[in-house]
1. Considering only DSSP beta bridges with both partners in the protein assembly as shown, what is the antiparallel share in %, to the nearest 5?
2. Where the centroid of each part is defined by its Cα atoms, how far is segment B:57-115 from segment A:67-115 in Å?
3. I want to verify a result. In a Gaussian network model of chain B, Cα cutoff 10 Å, which of these has the top mean-square fluctuation: B:S78, B:S102, B:S39?
4. Roughly how much of A:V81 is accessible, in Å² to the nearest 10, using a 1.4 Å probe?
5. Take the residue pairs B:K14/B:K57; A:K78/B:K42; B:K14/B:K42; A:K49/B:K66 and return only those whose Cα atoms are more than 30 Å apart.
6. In what sequence, largest accessible area first, do A:R22, A:R10 appear using a 1.4 Å probe?
7. Quick one: net charge around A:G16, please, counting Lys, Arg +1 and Asp, Glu -1 for every other residue with C-beta under 14 Å from its C-beta.
8. Hey, if we sort A:H82, B:H71 by accessible area with the 1.4 Å probe, largest down, what's the order?
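The values are calculated or read from the model by the stated rules, or taken from the named source; none is laboratory data. Quantities reported herein were computed from a predicted structural model and do not represent experimental measurements. Neighbour counts are summed over all protein chains in view; Cβ atoms, including those assigned to glycine, are modelled from backbone coordinates with ideal geometry. We work out accessible area using only protein heavy atoms, side chains counted, and drop any ligands, DNA or RNA first. Shrake-Rupley method; radii C 1.70, N 1.55, O 1.52, S 1.80 Å.
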Amino acid sequence: AQSVTQPDARVTVSEGASLQLRCKYSYSATPYLFWYVQYPRQGLQLLLKYYSGDPVVQGVNSFEAEFSKSNSSFHLQKASVHWSDSAVYFCALSMGNSAGNKLTFGIGTRVLVRP
Amino acid sequence: GALVYQYPRRTICKSGTSMRMECQAVGFQATSVAWYRQSPQKTFELIALSTVNSAIKYEQNFTQEKFPISHPNLSFSSMTVLNAYLEDRGLYLCGARPNANSDYTFGSGTRLLVI
């Protein structure tokens, strides 16, 4: 069965600093990978996704993530965070693109950006 | 743009009673609807995946008898939590997409508190 691990429950960074959120997955083939963000009192918003090709994918709000098959990872990064980036970030995977494929989520990483 | 509305945003029900929540897609056809639950301190678990004109597929540990889902058209779905108990509390998230090649659009969720 597939699984997603986000080892960091909480991350605190100062505004302007860089941010990296870790995500490891377990799946026998190459999965579809996603990063979602949940702002307070809101639903999930898609930041970026990886299906194939260039392992570095760019997303909204200057986020990017790098897929590594050898490390089974899909870490999210941002060079310089803003206070508005405070939110909970979820890594997720899907086994493919058919109608029956579900998203499997990690437990989420809560990010607090200090002014 | 594509939006998903969920209501109510928050609800409280007495232990042993039932609670119905709704999911409305705007700006696209919700051919597939996925219902997730995020229990306290846990990640999102898929309850069931509903595709119009197909049978609703429930995940292990979730049943139609406990979480009946209606998906009568391409813009609306509802789910009821029957005989809610403490372990049913959490955030219930609805995600919808027009086809398998599209990403899910998620609502803000319905937060259920059971007392």
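1. Taking every DSSP beta bridge with both residues in the protein assembly as shown, the antiparallel ones total about 90 percent.
2. Each part's Cα centre sits 22 Å from the other's.
3. B:S102
4. It works out to around 0 Å².
5. As for pairs spanning more than 30 Å Cα to Cα, those are A:K49/B:K66.
6. Heavy-atom accessible area, descending, gives A:R10, A:R22.
7. Surrounding charge for A:G16 is 0.
8. A:H82, B:H71
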